[in-house]
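The values are calculated or read from the model by the stated rules, or taken from the named source; none is laboratory data. Just so it is clear, the model here is predicted, and its values are computed rather than measured. No Cβ is skipped: glycine too gets one built from the backbone with ideal geometry, and neighbour counts run over all protein chains shown.
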């Protein structure tokens, strides 16, 4: 019992997609870092454990950001009047190149980790930059903050400026060294991160496939975000029938290799069939897809066909780190998609968005994103009392208001059973 | 010189749509409530006037909210999983009916006015509810706060529940009495507010047209928001070729009658031609149009064809009162429209969005929304120093970050030459 404690408040989670479970004024017990159960009154066996009583506040599973660029946080909200490929060249690449300098990386990642720590996100899958030392420093900071994230040193050996490109050999050697140096982290884990097909030669992809098989490291990349990008991949990989094959032929597309693919705005039937078969995780990033004019991913259909889907802020394609904002952006975009593209597919609902933001994306991290017994104890406590209203709201209404209106900063936060603040 | 003062800081405004003027560290002089000029150094004739030095902060014209429902603020962010006509019936109408009770109205409008006061919005055109006493109380509160708004007692005599419907005679009598009682306000002005065609009989519209001609009061309503609504109007008004005619035939559609029409998502060529000819103001409310699944208004085309366009939060169809949020929503929606609907019309730019948020909507209030000489002195001072970044940003970049990332709360605010805080 020594390692057990409880939090008390109004608990919500989504046991399955689209279903909201709520437990008013209940105890959520943590034992050895995982959820032991939810109780209206504390059972005898837990008498005497520490109880943090959060009164009338709302408690949710920590949110999961399946796609965010740590090395782009400094310029979120900038250059938004550009399309994807322009924006990469004029905005993203010059900024990322600065992470070669240790002092710059230190300052920039400090701001990013501080923002992530004080957000409602407990877990994220993060693109760093191609610089191994800076990537390791980011991992140290996240470890220190107690945020159990995946972090990737980015690989890119073509179609990028000289100042932000590795040779193939160098990229693979640096990646191997980084994987070896990442072994001692307790909660932070490495993830292989070929930037996207246009940035990576076949030789590099082949080498990353081998590193995956040697180290068992999962992989993250971008897929079918933008029509110009897809046409470019078609030119670069003439033997492929669809973009996803450009990863799959190197063993970097699910199956034995846990994989997150960001965006999937324009994935066709064959690509979707392969994603489903291989259990590829889709990181839906609605705000970024608006900002760089990519379109609206058919997320409701993805959920209906049983794809694995989570949400991503995609900072700095997205300007906001808040996954609450990603939830409402996803709902709003799905309404526009219904109206403008496909009236056979209804809009996403709030419980569906919350599922994607918690258990949907969380599944990439193991048993994460729910308050069911055995799940990692990730929880955020949220105070909605500052959102003034004259209405007496039900618990479900309070949750909806919180998601739409709050700044997304919890007043207390737990990850993997540890209280972060 | 007694009534002159200056503010000093980094000034921005949009003299014409799409052009951004910026004056780093400049003086903006106010004389008798209007802008006297912008100066790098203070001219001799202004020596000795009060100068409020805001250092490196950003100063913009006060933002203008061309469409917001004061009587719906209490339930912003609620019921968002519904479409327009459902949402009205289940959410808006029951809430608005509570404003019959003075104590409820007092509490609810207090929250609304406080939020508006501390936002970057200096002027708004507001729907109250159909209750005359509550509407007058809202006007008093706005007058007290120094916010020079238009406020409308809502008219509705059909197609709404018994508990929120007037008889035609009662609606007109109450409106006349309200117009008479509104005469003594210094900065707040009444605006005729037929809710929308489905809520108003021909007799009521006819009576409102007469009241306009007698009192010279401008008018606001809703137009072509939603396809179901448009089909309904077609049924209700069989003689009309398009929705706008349902207002025009009563003299309530621009020309001598200054008019704001909210939404115009689906306005066809004839309607647009009449709006342009009559100088009808379009209140573009992108967030609301997403939330209630209406669609994306062709705003870039409206600007190109010379329509008068401003932005609206449309709380509570929109969840957020911030017109910065409306600016970024407008830009994001225009990108989706380009991608999904019309690739001949490019996305809105930040300077275009700022123009709509200031001078575009401001024109409905007179010379409002610019720092050109003779304009009403409406200004907001914004502190972007809390938006941490390692980049040294240009002034234009600081403006973009502020619009995308800030909570929209200024640190100082002036309206019509008066300092509000």
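In table form, for the structure just shown:
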quantity: Number of positions in the range B:60-77 that are facing chain A (nearest Cβ under 9 Å) and more than 24 Å from residue B:139 (Cα to Cα); calculated: 1
quantity: Filtered residue count, the range B:19-50, keeping only those that are assigned to a strand (DSSP E or B), free of Cβ contacts under 8 Å to residues at least 60 places away in the same chain, farther than 23 Å from residue B:384 by Cβ and in contact with a strand residue (DSSP E or B) (Cβ under 6 Å, 6 or more places away or on another chain); calculated: 3
quantity: Failed item in (1) crowded, with 23+ Cβ neighbours inside 10 Å; (2) in contact (Cβ under 8 Å) with a residue 24 or more places away in the chain, with residue A:395 passing the rest; calculated: (1)
quantity: Restricting the range B:252-266 to residues that are out of contact with any strand residue (DSSP E or B) (no Cβ under 7 Å at 6 or more places or on another chain) and more than 14 Å from chain A (Cβ to nearest Cβ), the residue that is surrounded by the most Cβ atoms within 10 Å (Cβ to Cβ); calculated: B:254
quantity: Failed condition for residue B:351, given (1) part of a helix (DSSP H, G or I); (2) within 10 Å of another protein chain (Cβ to nearest Cβ); (3) under 23 Å from residue A:333 (Cα atoms); calculated: (3)
quantity: Scope the range A:378-393; condition assigned to a loop (DSSP other than H, G, I, E, B) and under 19 Å from residue A:355 (Cβ atoms); matching residues; calculated: A:378
quantity: Qualifying residue in the range A:78-85 (condition: in contact (Cβ under 8 Å) with a residue 24 or more places away in the chain, within 14 Å of chain B (Cβ to nearest Cβ) and under 15 Å from residue A:195 (Cβ atoms)); calculated: yes
quantity: Residue that is surrounded by the most Cβ atoms within 10 Å (Cβ to Cβ), among those in the range A:342-366 that are touching a residue at least 24 places away in the same chain (Cβ under 8 Å) and farther than 30 Å from residue A:34 by Cβ; calculated: A:347
quantity: Filter result for residue B:204 (touching a residue at least 40 places away in the same chain (Cβ under 8 Å), assigned to a helix (DSSP H, G or I) and surrounded by 19 or more Cβ atoms within 10 Å (Cβ to Cβ)); calculated: yes
quantity: Failed criterion for residue A:374 (all others in (1) under 19 Å from residue A:23 (Cα atoms); (2) buried (at least 20 other Cβ atoms within 10 Å of the Cβ); (3) more than 10 Å from chain B (Cβ to nearest Cβ) hold); calculated: (2)
quantity: Odd one out for residue B:180, checked against (1) away from chain A (no Cβ under 14 Å); (2) touching a strand residue (DSSP E or B) at 6+ places or on another chain (Cβ under 6 Å); calculated: (2)
quantity: Test for residue B:375: is it in contact (Cβ under 8 Å) with a residue 12 or more places away in the chain and out of contact with any helix residue (DSSP H, G or I) (no Cβ under 6 Å at 6 or more places or on another chain); calculated: yes
quantity: Hits in the range B:268-282 - residues which are buried (at least 22 other Cβ atoms within 10 Å of the Cβ) and touching a helix residue (DSSP H, G or I) at 6+ places or on another chain (Cβ under 7 Å); calculated: B:281, B:282
quantity: Which listed residue is within 13 Å of chain B (Cβ to nearest Cβ), under 10 Å from residue A:70 (Cα atoms), within 21 Å of the chain's Cα centre (by Cα) and buried (at least 17 other Cβ atoms within 10 Å of the Cβ), from A:112, A:127; calculated: A:112
quantity: Filter pass, residue B:367 being touching a strand residue (DSSP E or B) at 6+ places or on another chain (Cβ under 8 Å), assigned to a helix (DSSP H, G or I), within 27 Å of residue B:258 (Cα to Cα) and at pLDDT 95 or above; calculated: no
quantity: Among the candidates A:310, A:369, residue that is in contact (Cβ under 8 Å) with a residue 40 or more places away in the chain, closer than 21 Å to residue A:58 by Cα and more than 14 Å from chain B (Cβ to nearest Cβ); calculated: A:369
quantity: Residues that are crowded, with 24+ Cβ neighbours inside 10 Å and over 21 Å from residue B:290 (Cα atoms), drawn from the range A:283-307; calculated: A:283
quantity: Qualifying residue in the range A:319-341 (condition: facing chain B (nearest Cβ under 9 Å), crowded, with 24+ Cβ neighbours inside 10 Å, under 15 Å from the mean Cα position of the chain (by Cα) and not in a helix (DSSP H, G or I)); calculated: yes
quantity: The range B:86-109, subset within 9 Å of chain A (Cβ to nearest Cβ) and free of Cβ contacts under 8 Å to residues at least 24 places away in the same chain, residue surrounded by the most Cβ atoms within 10 Å (Cβ to Cβ); calculated: B:98
quantity: 2 or more residues more than 21 Å from residue B:354 (Cβ to Cβ) and at pLDDT 95 or above: qualifying helices (runs of 4 or more DSSP H) within the range B:260-306; calculated: B:269-278
quantity: Meets criteria (surrounded by 15 or more Cβ atoms within 10 Å (Cβ to Cβ), under 26 Å from the mean Cα position of the chain (by Cα) and assigned by TED's automatic domain parsing to the domain that holds residue B:396) for residue B:10; calculated: yes
quantity: Of all residues in the range A:394-421 being part of a loop (DSSP other than H, G, I, E, B) and modelled with pLDDT of 95 or more, the one that is farthest from the other protein chains (Cβ to nearest Cβ); calculated: A:417
quantity: Some residue of the range B:144-154 being surrounded by fewer than 18 Cβ atoms within 10 Å (Cβ to Cβ), assigned by TED's automatic domain parsing to the domain that holds residue B:233 and modelled with pLDDT of 95 or more; calculated: yes
quantity: Which listed residue, of A:16, A:64, is in a strand (DSSP E or B) and farther than 22 Å from residue A:292 by Cβ; calculated: A:64
